[in-house]
Amino acid sequence: MLKSFDIYSQNNILKIIVALNLLLVGTGSLLYTDRLITKLETREQQYVQLYASAIGYLYGSSHPDAGDLTFVTSEILQANKSIPVIYVNPNNQIAGELNVGFPEGTTDEEKEPFLRKTIIEMRKEHSPLIVNIGDGQQGLVYYSTSKLLRQLTYFPYALLAILTALGVLAYLAFSSSRRAEQNRVWVGLAKETAHQLGTPMSSLMAWVEYMRSDPDQFDGSITDEIEKDVQRLETITARFSSIGSVPTLKEENLNDVVQQFTDYLARRISTKVKMSLSSQLPPNQMVKINKLLFEWVIENVCKNAVDAMKGTGELRLKIMPLPHKEVAIDITDTGKGISKANMQKVFSPGFSTKKRGWGLGLTLAKRIVEEYHDGRLYVKSSEVGKGTTFRIVLNAD
Ligand SMILES: Nc1ncnc2c1ncn2[C@@H]1O[C@H](COP(=O)(O)OP(=O)(O)OP(=O)(O)O)[C@@H](O)[C@H]1O
Ligand SMILES: [Mg+2]
């Protein structure tokens with residue numbers, strides 16, 4: 001049976017919904033402002049056209065009654081409060097300007113050169129409108145896009161940038177808070193467990209002492225067995241208490257540590273599992289580890305391997321040096337293998353294919369290797385029905 005905490009898949013759906021919404025709002029506003037800009041552009045052009053015609057009326061000699069229209073034309077001219085326009089008359093003199101926006105402190109003498117420069121800029125943007133004054137005389141109206149419209153062109157991009165930044169921030173906040181929460185749960189649970197185990201452990205130890213002192217009443221071999229169990233419990237408590245605090249790393253002989261621990265494991269697993277250990281490391285290779293926690297990793301990975309083989313098969317451990325001052329420990333089984341789809345999932349908390357699995361073994365192991373030892377733990381290879389190799393990589397400098 002496949003189990004997996006729902007919250008993880010729900011989180012993914014939530015992320016997708018948020019991302020889709022951002023995308024929708026982003027493209028929506030982009031399209032909307034784009035339409036708005038096109039409309040405004042047309043309007044501005046119509047406006048300049050009107051301005052040009054008004055100038056034509058104002059200065060044109062072909063309209064004898066132009067004088068009567070002066071108030072209309074001047075109204076049109078003044079109504080334009082945003083589009084920069086410059087009128088150059090048939091004699092190439094600047095005869096009018098609006099909204100050009102002279103830099104502050106421009107003197108009257110400086111105005112003309114400034115306007116000439118502006119005309120060059122305007123020409124790049126739009127070709128000038130021709131104003132027919134009559135008698136074949138033509139003036140030119142230069143213009144550029146209003147400041148407002150120009151700002152509006154940048155608006156959707158600014159909006160998109162803001163939305164993206166918000167999305168990234170939300171995602172970061174979301175994932176880091178989830179992480180922080182997970183960390184607190186881990187550490188809290190571990191500390192609490194160690195604490196809770198402490199009291200019954202010391203009373204068990206006292207019982208063992210008591211039993212030893214009375215060999216007539218208590219069989220010595222039974223006392224030995226109980227003592228071994230108590231010792232095992234002590235190890236578990238020590239592991240929990242070290243994962244609940246910042247563990248200290250110590251230089252250890254990696255070959256020896258793995259050898260000792262596999263000997264210990266070999267005694268505890270089915271005799272039908274053939275266990276072997278080989279090492280290509282120099283015999284005295286030291287690696288900085290927390291022995292207690294590192295043994296926990298090996299135990300979790302080996303236990304999974306034994307489960308995957310249903311108690312029969314071969315379990316091989318291989319230690320070898322890697323380039324860049326790293327060492328690898330490969331743990332290979334001849335078990336049922338892991339499907340491609342499950343390769344990453346096996347490290348998620350709660351993922352288990354076992355009837356009585358918590359799905360925490362590999363999560364814990366990965367955490368110990370990556371966060372406490374700055375190493376890596378991953379599925380190196382796996383084939384369904386053939387077997388699996390997990391690899392632990394540690395720094396050895
Ligand atoms: N060597 C392996 N071969 C095949 N599948 C594996 C192997 N190791 C892990 N798995 C798969 O990964 C799952 C998760 O492993 P994990 O150790 O995290 O949890 P578990 O063993 O199911 O439960 P527990 O919390 O008791 O360890 C397993 O249920 C199993 O399906
Ligand atoms: Mg497990």
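Note down the Stokes-Einstein diffusion coefficient of region 151-240 in µm²/s, whole number, using a Kirkwood radius over alpha carbon pairs, 25 °C, and 0.890 mPa s.
In µm²/s, the coefficient rounds to 137.
Run the simple label-point estimate for Asn183 and Glu121 please: 7 Å along Cα→C-beta, distance reported in nm.
In this crude label model, Asn183 to Glu121 measures out at 5.2 nm.
³J(HN,Hα) across region 294-307 via Karplus (A = 6.51, B = -1.76, C = 1.60, θ = phi - 60°), whole Hz, x for Gly/Pro?
5, 4, 5, 4, 4, 4, 4, 5, 5, 4, 4, 4, 4, 4
What is region 247-368's relative contact order, in percent, from Cα pairs under 8 angstrom and six or more apart in sequence?
Taking the mean separation of contacting Cα pairs over the length of region 247-368, I get 24 percent.
At 0.36 nm per residue, and after removing the present C-alpha to C-alpha distance, how many nm does the segment from Ala170 to Glu371 gain when stretched out fully?
Full extension of this stretch gives 69.9 nm more.
What are the residues whose amide H is under 5 Å from the amide H of Glu97, where those residues sit 5 or more places off or on another chain and H is modelled from the backbone?
Correct list: Tyr87.
Given the convex hull over the Cα atoms of region 20-145, what projected area results after averaging over all orientations, in nm²?
10.2 nm²
Taking every pair of Cα atoms in the chain, average 1/r, invert it to obtain the Kirkwood radius, and report Rg/Rh to two decimals. Walk me through the numbers before you get to the answer.
On the way: Rg = 40.5 Å, Rh = 29.1 Å.
Result for the chain is an Rg/Rh of 1.39.
Stretch Gln78-Asp216 to full length: gain in nm at 0.36 nm per residue minus the Cα-Cα span?
37.9 nm
Roughly speaking, what is the stretch gain from Lys228 to Asn21, that is 0.36 nm per residue apart minus the C-alpha to C-alpha distance, in nm to one decimal?
Here the answer is 68.6 nm.
Which listed residue (Gly198, Phe174, Gln151) has the Cα farthest towards the positive end of the charge dipole for region 110-268, taking +1 on Lys and Arg C-beta and -1 on Asp and Glu C-beta about the Cα centre?
My answer, from the dipole projection, is Gln151.
Over the Cα atoms of region 248-395, each weighted equally, I'd like the Debye log10 I(q)/I(0) at q = 0.13, 0.17, 0.18 Å⁻¹, rounded to two decimals.
Scattering profile of region 248-395, log10 relative to I(0): -0.54, -0.96, -1.08.
Which value at 222 nm does the chain reach when only helices count, each DSSP H run of 4 or more adding -39,500 (n - 2.57), with the total divided by all residues and rounded to the nearest 500 deg cm²/dmol?
Counting only the DSSP helices, I get -19500 deg cm²/dmol.
How large is ³J(HN,Hα) for each residue in region 133-139, as worked out from phi by the Karplus curve 6.51 cos²θ - 1.76 cosθ + 1.60 (θ = phi - 60°), to whole Hz, x for Gly and Pro?
Listing the rounded values in order: 8, x, 6, x, 7, 10, x Hz.
Leu31 to Asn342: FRET efficiency via 1/(1 + (r/R0)^6), r the Cβ-Cβ distance, R0 51 Å, to the nearest 0.05? All intermediate terms of the calculation are to be shown ahead of the outcome.
Details: r = 42 Å, r/R0 = 0.83.
E between Leu31 and Asn342, to the nearest 0.05, is 0.75.
Which longest run of the chain has no exposed loop site in it, a site being trypsin sites (Lys or Arg not before Pro) in a DSSP loop with at most 12 other beta carbons within 10 Å, and the site itself not part of the run?
Formally, the longest exposed-site-free interval is 82-266.
How large is ³J(HN,Hα) for each residue in region 221-238, as worked out from phi by the Karplus curve 6.51 cos²θ - 1.76 cosθ + 1.60 (θ = phi - 60°), to whole Hz, x for Gly and Pro?
Per-residue couplings from phi come out as 5, 5, 4, 4, 4, 4, 4, 4, 4, 5, 4, 4, 4, 5, 4, 4, 4, 5 Hz.
Rule-based calculations on the coordinates, nothing more; no lab input. It should be emphasised that the depicted structure is a prediction, and the values quoted were computed from it without experimental measurement. Ideal geometry is used to build each Cβ from the backbone, glycine not excepted, and the neighbour counts take in all protein chains shown.
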